[in-house]
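**Q** I am attaching a structure below and will ask some questions about it afterwards.
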Amino acid sequence: MITAVELVRVALPLVRPFRTSFGVEEHRDILLVRVEAFGSEGWGECVAGLEPLYCSEYVEAAAHVIEHHLLPRVLAAGRHDPAEVEEAMAPVRGHAMAKAAVATAALDAWLRSSGQALSEFLGAVRAEVASGVSVGIPASDRPETAIAALLDEVDGYVSAGYRRIKLKIQPGFDLAPVRAVRERFGDEMLLQVDANSAYSLADARHLALLDAFDLLLIEQPLPEDDLLGHAALAEQLRTPICLDESIHSARDAATAIALKAAAIVNVKPGRVGGYLEARRVHDVCVAAGVPVWCGGMLETGIGRAANVALAAMPGFTLPGDTSASDRYYRTDLTEPFVLRHGTLAVPVGPGIGVVPLPEVLAEVVTSRRVLHPRL
Ligand code: OSB
Ligand code: MG
C-alpha cells in the first residue's frame with residue numbers, strides 16, 4: 001500500500017540547447033514523483049516539457065492533474081499493485097505522462113519490496129542495449145554554419161561510439177544536413193531523421209528525395225492525428241515511416257500498423273501512460289513483425305534507467321534514443337549512465353535500479369511538496 005507521496009521538482013540545464021521543429025529546450029524543469037509503499041521507496045520521472053509543444057501535456061499541468069485527479073483515485077484504491085494503480089487512473093482521460101510518473105513510482109516501490117528488477121518484470125533478454133543519439137537542429141542564421149556545427153556535433157557522438165544517429169529535421173533543414181552527414185560519415189552509419197510533425201502530405205515529393213540517403217526511417221513527418229496521411233505518404237516513400245507522437249496506446253499502434261501508417265514504432269513510456277502499456281505496444285509490434293525502439297524525452301537517470309530496462313525486451317531491435325548521461329547533463333541525478341562500446345548497461349538492482357543521489361538532488365531541487373499523508 002502507498003503510505004507517502006511527494007512531488008519533487010528539479011531544475012537541470014542541458015549540456016547544449018536541444019532544438020526541434022517545435023521549439024528549443026535549454027533546461028529541464030523536472031517533476032519527480034516519490035512514493036513510499038510496501039516498505040520501499042519508489043521514483044518516477046514525468047517527461048512532460050515546460051510548454052505544451054511536443055504534445056498537450058506540460059509539467060505544471062502534470063503536477064496539477066496528479067494532485068487533484070490521479071492521486072486521489074489511486075489512494076482510494078486498496079492494494080496499489082501495478083495493475084490496480086493503472087486501473088485506478090484509467091477514468092481520467094489523457095495525461096499519459098502524469099499517469100506514467102505516478103505508475104512508475106508505485107511500480108518501482110512494488111518491485112523493490114520483492115527484490116525484482118524492472119528489466120526482469122518486463123521480460124528483458126539483454127544485459128546491455130545499443131544506444132543511439134538524437135541530434136538537435138543547430139541554432140544559426142546561415143545554413144553553412146548550421147551544417148558545420150551539426151557535423152561537429154555528430155563527429156563527437158560517432159567518436160564516442162554511438163551506434164545510430166538521428167537528425168532532427170524541419171522544412172528548410174532536411175536534405176542538405178542529411179546529405180552532409182552521409183558524405184562525411186559514410187553509407188554504413190545507421191542514420192534516421194525526426195520531423196516532429198513539421199510537414200504536410202503536400203511535401204511528399206520533397207520527402208521522397210530523402211530516399212536517396214538510405215535512412216533507417218523517417219519519424220513522425222505529419223501531424224499526430226493524421227494516420228491516413230502517413231499511410232498515403234508511405235506509398236510515395238521508400239524510407240520506412242516510424243510514428244512517435246501518433247502512438248498513445250497499444251491500440252493506436254495496432255491501428256497505425258493495420259492502416260500501414262507505421263512500418264516502425266517509437267515507444268515512449270511517458271507518452272503511452274507507463275511501462276505496462278509500453279510493454280503492450282511492444283507486444284503488438286512483435287506480433288505484427290514491426291520493429292520497435294525506445295524513444296527518449298531528455299530524461300535524467302531516473303527515467304533513463306527504466307527506459308533502458310524496457311529497451312532490453314526482445315522486440316527492441318533498433319538502437320534507441322537512450323543516450324549516456326553526459327549527452328544531456330553535466331551532472332545526472334543518479335549514478336551516470338556511461339556509454340560502453342555503444343551500449344548502456346541495463347540496471348540490475350531491484351525496481352528501476354537507481355535512486356537520485358542525495359547530494360545532487362539537494363543541489364538542484366527547486367521544490368518539494370508532500371501530497372500524502374496530508375498533515
Ligand atoms: O521527438 O523524439 C522526440 C526530445 C524531446 C521531445 C521529443 C523528442 C525528443 C528527442 C530526444 O528526440 C531523445 C532523447 O531523449 O535523447
Ligand atoms: Mg520523435
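**Q** Of everything in the stretch 196-209, what is away from ligand 2 (no atom under 16 Å from the Cβ) and not polar (S, T, N, Q)? Give them in sequence order.
**A** LEU201, ALA202, ASP203, ALA204, ARG205, HIS206, ALA208, LEU209, listed by residue number.
**Q** Tell me yes or no: at least one residue of the stretch 20-33 is away from ligand 2 (no atom under 16 Å from the Cβ), in a helix (DSSP H, G or I) and open to solvent by less than 10 Å² (accessible area, probe 1.4 Å).
**A** Among the residues of the stretch 20-33, not one is away from ligand 2 (no atom under 16 Å from the Cβ), in a helix (DSSP H, G or I) and open to solvent by less than 10 Å² (accessible area, probe 1.4 Å), which makes the answer no.
**Q** For a quick check of your reading of the model, give me the residue pairs whose first member lies in the stretch 211-240 and is within 14 Å of ligand 2 (Cβ to nearest atom), whose second is among the aromatic types (Phe, Trp, Tyr) and not in a strand (DSSP E or B), with beta-carbon atoms closer than 7 Å and at least 6 apart or on different chains.
**A** PRO221/TYR199; LEU222/TYR199
**Q** Provide a single number: the residues in the stretch 275-305 that are away from ligand 2 (no atom under 15 Å from the Cβ) and of a type in the set (Asp, Glu).
**A** Counting residues in the stretch 275-305 that are away from ligand 2 (no atom under 15 Å from the Cβ) and of a type in the set (Asp, Glu) gives 2.
**Q** Right, next: Residue pairs, Cβ under 9 Å, 6 or more apart or interchain, first in the stretch 339-365 and part of a helix (DSSP H, G or I), second among the β-branched types (Val, Ile, Thr) and open to solvent by 70 Å² or more (accessible area, probe 1.4 Å). List them.
**A** Taking only residues 6 or more apart or on different chains, the pairs are VAL360/THR331; GLU363/THR331; VAL364/THR331.
**Q** Here is a check on your reading of the model: is ALA287 over 28 Å from ILE2 (Cβ atoms), small (Gly, Ala, Ser) and over 16 Å from the mean Cα position of the chain (by Cα)?
**A** Criteria met by ALA287.
**Q** Let me ask you something else. Please go through the stretch 142-181 and give me each residue that is under 22 Å from HIS341 (Cα atoms) and small (Gly, Ala, Ser), ordered by number.
**A** GLY156, SER159, ALA160, GLY161 - these are the residues of the stretch 142-181 that are under 22 Å from HIS341 (Cα atoms) and small (Gly, Ala, Ser).
**Q** Say whether the condition of being surrounded by 15 or more Cβ atoms within 10 Å (Cβ to Cβ), of a type in the set (Val, Ile, Thr) and either at pLDDT below 95 or farther than 21 Å from PRO138 by Cα (or both) is met by at least one residue in the stretch 186-206.
**A** Looking through the stretch 186-206, none of the residues is surrounded by 15 or more Cβ atoms within 10 Å (Cβ to Cβ), of a type in the set (Val, Ile, Thr) and either at pLDDT below 95 or farther than 21 Å from PRO138 by Cα (or both).
**Q** Hey, can you tell me all the residues within the stretch 78-94 that are surrounded by fewer than 22 Cβ atoms within 10 Å (Cβ to Cβ) and either under 14 Å from LEU31 (Cα atoms) or at pLDDT 95 or above (or both)?
**A** Within the stretch 78-94, HIS80, ASP81, PRO82, ALA83, GLU84, GLU86, GLU87, ALA90, PRO91, VAL92, ARG93, GLY94 meet the criteria.
**Q** Take SER134 and tell me if it is within 14 Å of ligand 1 (Cβ to nearest atom), in a strand (DSSP E or B), among the polar types (S, T, N, Q) and closer than 25 Å to VAL267 by Cβ.
**A** Criteria met by SER134.
**Q** Kindly list the number of the only condition in (1) under 22 Å from the mean Cα position of the chain (by Cα); (2) surrounded by fewer than 18 Cβ atoms within 10 Å (Cβ to Cβ); (3) over 21 Å from ALA109 (Cα atoms) that fails for GLY349.
**A** Unmet for GLY349, out of (1) under 22 Å from the mean Cα position of the chain (by Cα); (2) surrounded by fewer than 18 Cβ atoms within 10 Å (Cβ to Cβ); (3) over 21 Å from ALA109 (Cα atoms): (3).
**Q** Here are VAL133, VAL154: which of them is surrounded by 15 or more Cβ atoms within 10 Å (Cβ to Cβ), within 17 Å of TRP293 (Cβ to Cβ) and of a type in the set (A, V, I, L, M)?
**A** From the options VAL133, VAL154, the qualifying one is VAL133.
Here's the yes/no breakdown for (1) more than 16 Å from ligand 1 (Cβ to nearest atom); (2) more than 21 Å from GLY296 (Cα to Cα); (3) touching a helix residue (DSSP H, G or I) at 6+ places or on another chain (Cβ under 7 Å); (4) assigned to a helix (DSSP H, G or I):
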residue: ARG182; (1), (2), (3), (4): yes, yes, yes, yes
residue: VAL193; (1), (2), (3), (4): no, no, yes, no
residue: ASN196; (1), (2), (3), (4): no, no, no, no
residue: ASP211; (1), (2), (3), (4): yes, yes, no, yes
residue: ALA232; (1), (2), (3), (4): yes, yes, yes, yes
residue: GLN236; (1), (2), (3), (4): yes, yes, yes, no
residue: CYS242; (1), (2), (3), (4): no, no, no, no
residue: HIS248; (1), (2), (3), (4): no, no, yes, no
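**Q** Next question, about the same structure. I need the full set of residues from the stretch 38-62 which are acidic (Asp, Glu), assigned to a loop (DSSP other than H, G, I, E, B) and open to solvent by less than 30 Å² (accessible area, probe 1.4 Å), in order please.
**A** GLU57
**Q** Output the residues belonging to the stretch 230-256 that are hydrophobic (A, V, I, L, M, F, W, C), within 20 Å of the chain's Cα centre (by Cα) and crowded, with 20+ Cβ neighbours inside 10 Å.
**A** Of everything in the stretch 230-256, those that are hydrophobic (A, V, I, L, M, F, W, C), within 20 Å of the chain's Cα centre (by Cα) and crowded, with 20+ Cβ neighbours inside 10 Å turn out to be ILE241, CYS242, LEU243, ILE247, ALA250, ALA253, ALA256.
**Q** Restricting attention to the stretch 1-39, and to residues there that are touching an Asp or Glu at 6+ places or on another chain (Cβ under 8 Å) and hydroxyl-bearing (Ser, Thr, Tyr), which single residue is nearest to ligand 1 (Cβ to nearest atom)?
**A** The residue in question is THR20.
The values are calculated or read from the model by the stated rules, or taken from the named source; none is laboratory data. A quick note: this is a predicted structure, and the numbers were derived from the prediction, not measured. FYI the Cβ positions are ideal-geometry reconstructions off the backbone, even for glycines, and counts take in every protein chain you see. Quick note on the areas: whole protein, heavy atoms, side chains included, nothing else; ligands and nucleic acids left out. Shrake-Rupley method; radii C 1.70, N 1.55, O 1.52, S 1.80 Å.
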